[in-house]
Amino acid sequence: MFPKPQADFTPVNNMMIEAVAPKAVMAAVDLKLFDRLSGRSVEPLTLAGEAGLVAERLRPVLDILTAVSLLHLDGGQYTNTPAAEEFLVSGSPLYQGDYLAVTMGFSTSIERSIGDLLAGKEADREGTDHGWSVEQIMDGTAQNALWGGARAVADVAASLPGFKSFRTMCDIGGNHGLYTLGILDRNPSLAGTIFDLPDVARQAASRCERLGYGDRVETVGMDFREDSLPGARFDLAVTSHVLYAFRDDLPRALRKIADGLKPGGWFISHHYCGGCAPESALREACLEMVTRLAGYPSHFISREQLGEALVEVGFEAPEFHSVPGRDLNLITVARKR
């Protein structure tokens, strides 16, 4: 009557049950639980009373947060781990709460329609593009950049030969502008231009002005799919998580970038690298699924594909740099011949 299993279904079963964990983390961020636990140890009953929550229902949420190493439990009291204190307390300089909300919201919108999108339903690419200009989404992507990418790119830029003599740079698809601002901080004589979709560029201008860089940063509305950079104007061009939108015709996009650089100018790309981290195959596949279902061609470019295309359009052989703590991320540096 009862068939005997020949394989182990446990991993699938566990994965489905544990899928609630990210939602528990997001709820804790929204409820400011990490803020309330900052710098102190608290028992569930006290925390529930302070937050206006039901203690019996709160305790398993706290246990989930403990299991994913965001809380520490000792003697019946919970406290933040260093990771929670640094990234999930809203007053922290490296707070990631808005980034988590953006990621959760974007993924959820795709999850609801996976079957329809696989069957051919058109993705709302226009709506996604517009979303990059929404303040909360820009705040979230800025927080993610602060976590590691922007600092790493600024470090690489500052190490380029002749960097202190650079006077002009551009950031293609610069969005929140933090990559530009981080590089400008390393060279007080450098001025930057952020190119992005018009709605995004307007929001970026307000952000740069508010952060005190209004006199050093120009923001220009453009659609790089159709428009070109001004010719031979920049010492340095930067892109972050942009080139994947042009993966099907990389040489065309890279030729535009080369045309915008002065002879001997430098190009830096920060992007996800396909196949660079075999131990993260599931995460890579999940990112790629969400990206393709959202209407973009890919979220990954391999070293080989980008390196060959750069050489084809007039760059010297590129160098590749990893991003500490970001196993799927790659920084590519190439000089225009």
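The values are calculated or read from the model by the stated rules, or taken from the named source; none is laboratory data. In this text, all values refer to a predicted model and were calculated from it rather than measured experimentally. Ideal geometry is used to build each Cβ from the backbone, glycine not excepted, and the neighbour counts take in all protein chains shown. We work out accessible area using only protein heavy atoms, side chains counted, and drop any ligands, DNA or RNA first. Shrake-Rupley method; radii C 1.70, N 1.55, O 1.52, S 1.80 Å.
The length gained on full extension between Met104 and Glu319, counted as 0.36 nm times the residue separation minus their Cα-Cα distance, comes to 74.0 nm. Per-residue ellipticity at 222 nm from helix content only, as computed over the chain with -39500 (n - 2.57) for each DSSP H run of at least four residues, stands at -13000 deg cm²/dmol.
Around Phe87, with a cut-off of 13 angstrom between Cβ atoms, what is the net charge of the other residues, counting Lys and Arg +1 and Asp and Glu -1? After counting each charged neighbour, the total is -4. Taking square-rooted eigenvalues a ≥ b ≥ c of the alpha carbon gyration tensor, is the stretch 213-336 rounded, prolate or oblate, where a/c under 1.5 means rounded and, failing that, a/b exceeding b/c means prolate? Note, shape of the stretch 213-336 comes out prolate. If Lys and Arg each add +1 and Asp and Glu each add -1, what is the summed charge of the other residues whose beta carbon sits under 12 Å from the beta carbon of Lys336? Residues close to Lys336 contribute a combined charge of +1. Spin-label pair Ser41-Val134: with each label point 7 Å from Cα along the Cα-Cβ axis, the two points sit 4.1 nm from one another.
Taking 0.36 nm per residue of sequence separation and removing the Cα-Cα distance, the Asp223/Leu94 pair yields an extension gain of 43.4 nm. Using heavy atoms of the protein chains and a probe of 1.4 Å, the accessible area assigned to Cys273 is about 0 Å². With each label modelled as a point 7 angstrom along the Cα→C-beta vector, the Ala158-Asp259 pair spans 3.4 nm. Heavy atoms of the protein chains alone define the surface here; on that basis the chain has 50 Å² accessible area per residue at 1.4 Å probe size. Taking Cβ separations below 4.7 Å as the criterion for a possible disulfide partner, the isolated cysteines in the chain are Cys170, Cys208, Cys286. Note on Lys262: lysines with a C-alpha under 24 Å away, same-chain residues under 8 apart excluded, are Lys164, Lys336. A Förster radius of 35 Å, combined with the Cβ-Cβ distance separating Arg292 from Ala19, puts the computed FRET efficiency at roughly 0.95. Near Trp266: Cβ cut-off under 11 Å, other residues only, Lys/Arg at +1 and Asp/Glu at -1. The net charge is 0. At full extension, Thr66 and Glu279 could sit 74.2 nm farther apart than now, given 0.36 nm per residue minus the alpha carbon distance. Overall, the accessible surface of the stretch 1-93 at a probe of 1.4 angstrom is composed of carbon and sulfur to the extent of 61 percent.
Sites listed here are GluC sites (Glu not before Pro) in the stretch 206-283 whose DSSP assignment is loop and whose Cβ has at most 13 other Cβ atoms within 10 Å: Glu226. Looking at the square roots a ≥ b ≥ c of the eigenvalues of the Cα gyration tensor of the stretch 1-156, which shape do they give, rounded for a/c under 1.5, prolate if a/b is larger than b/c, or oblate? Cα axes put the stretch 1-156 in the oblate bin. Label-to-label distance for Leu73 and Arg337 is 6.3 nm, based on points extended 7 Å past Cα in the beta-carbon direction.
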